1. Which percent of the accessible area of the chain is formed by carbon and sulfur heavy atoms (probe 1.4 angstrom)?
2. Rounded, prolate or oblate, given the Cα gyration tensor of region 48-193, with a/c below 1.5 counting as rounded?
3. Count charges around THR25 for me, please; just the other residues with Cβ under 14 Å from its Cβ, Lys/Arg as +1, Asp/Glu as -1.
4. With θ taken as phi - 60° and the coefficients 6.51, -1.76 and 1.60, list the Karplus ³J(HN,Hα) couplings across region 57-69 in order, rounded to whole Hz; mark glycine and proline as x.
5. Show the residues, 5+ positions off or on another chain, whose built amide H is closer than 5 Å to the amide H of MET71.
6. So, in nm, how far is label ASP20 from label ALA211 when the simple model puts each one 7 Å beyond its Cα toward the Cβ?
7. With a 1.4 Å probe and every protein chain left in place, tell me how much accessible area SER303 has, in Å² to the nearest 10.
8. Tell me, what is the FRET efficiency for GLU137 and ASP198 to the nearest 0.05, using R0 = 25 angstrom and their Cβ-Cβ distance as r?
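The values are calculated or read from the model by the stated rules, or taken from the named source; none is laboratory data. These numbers were taken from a predicted model, which means no experiment stands behind them. Using ideal geometry, Cβ is built from the backbone for each residue, glycine included, and neighbour counts are taken over all protein chains shown. We work out accessible area using only protein heavy atoms, side chains counted, and drop any ligands, DNA or RNA first. Shrake-Rupley method; radii C 1.70, N 1.55, O 1.52, S 1.80 Å.
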Amino acid sequence: MLELGGSAQPAGDVGELIKDATEATFVADVVEASQTVPVIVDFWATWCGPCKTLGPMLEAAVIKAGGKVRMVKVDVDENQRLAQALAQQGLPLQSIPTVVAFFEGRPVEMFQGAISQSDLDAFISKLADMSGDGGLEEAVAAAEEMLAEGAALDAAQTFAAIMEEDPENAAAFAGLARSHLAMDQVDEAEALLASAPDAVATAPEVEAVRAQLELARQAESAGPLAELSAAVDAEPDNHQARFDYSAALHADGNVEDAVDQLLELFRRDREWNDEAAKTQLFTIFDALKPNDPVVLKGRRRLSSMLFA
């Protein structure tokens, strides 16, 4: 499972969120790490009274930020050459505590001395806004790539990890449901969709998976392609046979031909079975991406019939 680290966790088990840095690790822990998420560097010393108050406040605020910022602690007495080198580059480290925030490899915010809790919260909030969603968008993209490559289980685990970070992430919720469908776990997908939080229940991504679930259920009872094709050829006005043939084509992965059969059914009798052909077309369209060529072509042809 992808470790996205960043949800609140107890002090003493902060993983990658809070580190002690040295001259040897400063570039990796601060400069490189800040390319993706802001890193707060706390320059402190054991003899510094205000440091003993500010340090725990900073740690608590970083943990509360849920991975959108990280913290590195530098003991200036134990890392004098590093402190001197940074001071020569313009950082005012003559007095401590000095707190400097790095983002994309460079200093972006700083303060010195003790500050109030409200000022600290504002400082952290400003930095958190710089990091956007803390990398969740990239994680969703990675999971989508896994799913596209057939690694449905890995994708499911990654989507689940994202949801632990952000339970109302519609893309991850829908991705997890699609992963279940890809593994033929239709019941699990259905149960997951039934439990969708209100915040994501009507999101387009989730509605698309509902359509995919409906089509998956239809596929479970789809008839034999050859027999249905023969039935349609023998009796072109057998609307039920054509409808069933379309369902079998879709279950077999031939989506474009399935749409063609439904369009032909709609052309022959648009009112048949309470406009079942049009309803099924919309279900197929909803299950695909809006810019899918099958959707674009199918919608154009359907519109031409509706407004002819």
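1. 50 percent
2. The shape class here is prolate.
3. Net of charged neighbours comes to -3.
4. 5, 5, 4, 4, 5, 5, 4, 5, 5, x, x, 7, 9
5. Residues meeting the amide H criterion: ILE18, LYS19, ILE40.
6. Here the answer is 5.7 nm between the modelled labels.
7. Near enough 50 Å² of accessible area.
8. After rounding to 0.05, the efficiency reads 0.65.
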